[in-house]
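Peer 1: Structure incoming, see below.
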Amino acid sequence: MRTTHSAEFRRIWGSGEVVMCAAGRKWLRHPEAGLLTLDHETLHVPAAPGETGLVVHVFSAEEDGQEATALDRPATAMT
């Protein structure tokens with residue numbers, strides 16, 4: 001998500017409340033794209049009083065890599 005789309009995201013990201021909990025590499029089997037090796041980051045926004053915290057898992061493929069190409073195929077087939 002780009003920060004231009006959400007004022008709330010900009011506020012949280014800018015405040016430094018977001019904490020990276022974990023990062024690494026995961027292997028996933030996609031029903032159409034097959035076996036994928038993706039990098040991941042887990043971000044945590046601690047709960048403010050009276051609110052619920054937030055955990056966001058972000059997966060990414062190397063640009064122009066085999067995984068990015070494989071992930072493009074199912075998305076292209078749906079359009």
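The values are calculated or read from the model by the stated rules, or taken from the named source; none is laboratory data. Computed from a predicted structure; not experimentally measured. All Cβ positions, glycine included, derive from the backbone under ideal geometry; neighbour counts span all protein chains shown. Ligands, DNA and RNA are excluded from the accessible area calculation, which covers all protein heavy atoms including side chains. Shrake-Rupley method; radii C 1.70, N 1.55, O 1.52, S 1.80 Å.
Peer 1: Out of the residues in segment 10-31 that are modelled with pLDDT of 80 or more and of a type outside the set (Gly, Ala, Ser), state the one that is nearest to ALA70 (Cα to Cα).
Peer 2: HIS30
Peer 1: Out of the residues in segment 66-79 that are open to solvent by 40 Å² or more (accessible area, probe 1.4 Å) and among the aliphatic types (A, V, I, L, M), state the one that is modelled with the highest pLDDT.
Peer 2: Taking the candidates together, the pick is LEU71.
This table checks each residue for (1) within 16 Å of ARG11 (Cβ to Cβ); (2) touching a Gly at 6+ places or on another chain (Cβ under 6 Å); (3) outside any strand (DSSP E or B); (4) open to solvent by 40 Å² or more (accessible area, probe 1.4 Å).
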position: ARG25; (1), (2), (3), (4): no, no, no, yes
position: ARG29; (1), (2), (3), (4): no, no, no, yes
position: LEU38; (1), (2), (3), (4): no, no, no, no
position: GLY50; (1), (2), (3), (4): no, no, yes, yes
position: VAL56; (1), (2), (3), (4): yes, no, no, yes
position: PHE59; (1), (2), (3), (4): no, no, no, yes
position: ASP64; (1), (2), (3), (4): no, no, yes, yes
